[in-house]
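All remarks here apply to the structure that follows.
The values are calculated or read from the model by the stated rules, or taken from the named source; none is laboratory data. The structure displayed is predicted, hence computed values, not measured ones. These accessible areas exclude ligands, DNA and RNA; they are computed on the full protein's heavy atoms, side chains included. Shrake-Rupley method; radii C 1.70, N 1.55, O 1.52, S 1.80 Å.
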Amino acid sequence: MTETPTGPIVAVTGGAQGIGREIARQLAATGARVAIGDRDLEAARVTAAELPGHVRAFPLDVTDTRSFREFLAEVTGLWGSLDVLVNNAGVMWVGAFDAEPEAATERMLAVNLHGVIRGVQLTAPYLRARGGGHIVTVASAASKLAPPGEATYAATKHGVLGYLTGVREELRGSGVHVSVIMPGVVDTELAIGTASGATARLQPADVAAAVVKVLQRPRFEVTLPASIGLLVRLTGLLPQSLRDRVLRGTVPDQVEAVAHSATRDHYERRALTDTTDPGRTR
């Protein structure tokens with residue numbers, strides 16, 4: 001059965017909990033119809049039932065093209081169209097680069113980078129053909145910086161920013177907006193046990209508010225807090241030796257933060273080695 005939409009139709013990946021759940025909540029509060037996709041369909045259904053407004057749950061594995069295509073087809077089949085894709089699903093392993101399990105490396109590349117590429121490739125042509133829309137990707141301050149202990153995670157986020165920079169130019173004049181939200185450390189399960197450095201730990205509501213705002217007033221790059229963007233710009237003008245000193249005093253050393261701690265073990269076992277986990281853990 002098709003429902004007639006009364007507000008913009010938004011698809012959110014990794015929407016069962018954390019940042020994705022809060023994005024769904026805030027968007028639904030504005031009158032949007034929100035489809036949350038997640039490999040943990042039961043958790044997604046619980047979230048959809050708990051949130052007010054028009055929120056629906058669908059199965060989604062962002063690492064599988066067929067699953068992503070079927071998710072988008074179900075959304076457009078239900079509401080007749082799609083206006084916005086929010087790429088939110090992400091996973092993270094933290095520790096010394098030479099201790100990182102190969103399975104964790106592959107999982108981060110598959111979810112964080114290829115999952116975004118897949119979503120854009122499947123959604124942007126549709127939005128371009130209908131004359132407009134918006135793709136918002138929740139990346140990370142690691143798109144601009146690379147904390148020790150997050151080398152591969154930072155590589156995936158650098159890759160996301162580079163990819164979307166190119167795509168944005170290809171979509172120029174099409175009516176399709178592209179935005180990248182780059183928050184510092186957010187208080188979610190993904191960041192459990194990590195340090196936040198010189199900036200305060202953000203809440204999922206902070207990121208969700210940025211998504212709502214960028215949909216209302218489109219812009220390409222958004223850093224949270226704004227001071228991170230300023231730090232990147234200013235340190236980029238410094239000689240390497242001075243830049244290194246400034247960044248070492250502001251960017252957290254996550255190798256040190258998680259050393260001799262088991263606080264991340266449960267999350268990483270589930271998110272990075274258990275194939276039943278959705279990459280929904282933002």
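Structure notes:
- Once the convex hull of all Cα atoms in the range 142-204 is built, its volume per residue stands at 100 Å³.
- Per-residue ellipticity at 222 nm from helix content only, as computed over the chain with -39500 (n - 2.57) for each DSSP H run of at least four residues, stands at -14000 deg cm²/dmol.
- For the range 175-282, with all protein chains in place and a probe radius of 1.4 Å, 56% of the accessible heavy-atom surface sits on carbon or sulfur.
- Å² per residue, accessible surface of the chain at 1.4 Å: 44 Å²
- When the inverse distances between all different Cα atoms of the range 7-86 are averaged and flipped, the Kirkwood radius reads 11.9 angstrom.
- Kirkwood analysis of the Cα pair distances in the range 127-282 returns a hydrodynamic radius of 17.0 Å.
- Interchain or long-range residues, amide H under 5 Å from Val12's placed H: Ala35, Ile36, Gly37, Val86
- For Val186, distant residues with modelled amide H under 5 Å away: Leu202
- Amide H contacts under 5 Å for Val178, placed H, 5+ residues apart: Ile135
- Degrees separating the helix 240-250 axis from the principal Cα axis of the chain, which is the longest one: 70 degrees
- Against the main long axis of the alpha-carbon atoms of the chain, helix 226-235 sits at an angle near 50°.
- Per residue, the average separation of C-alpha pairs within less than 8 Å and at least 6 apart gives the range 26-134 a relative contact order of 22 percent.
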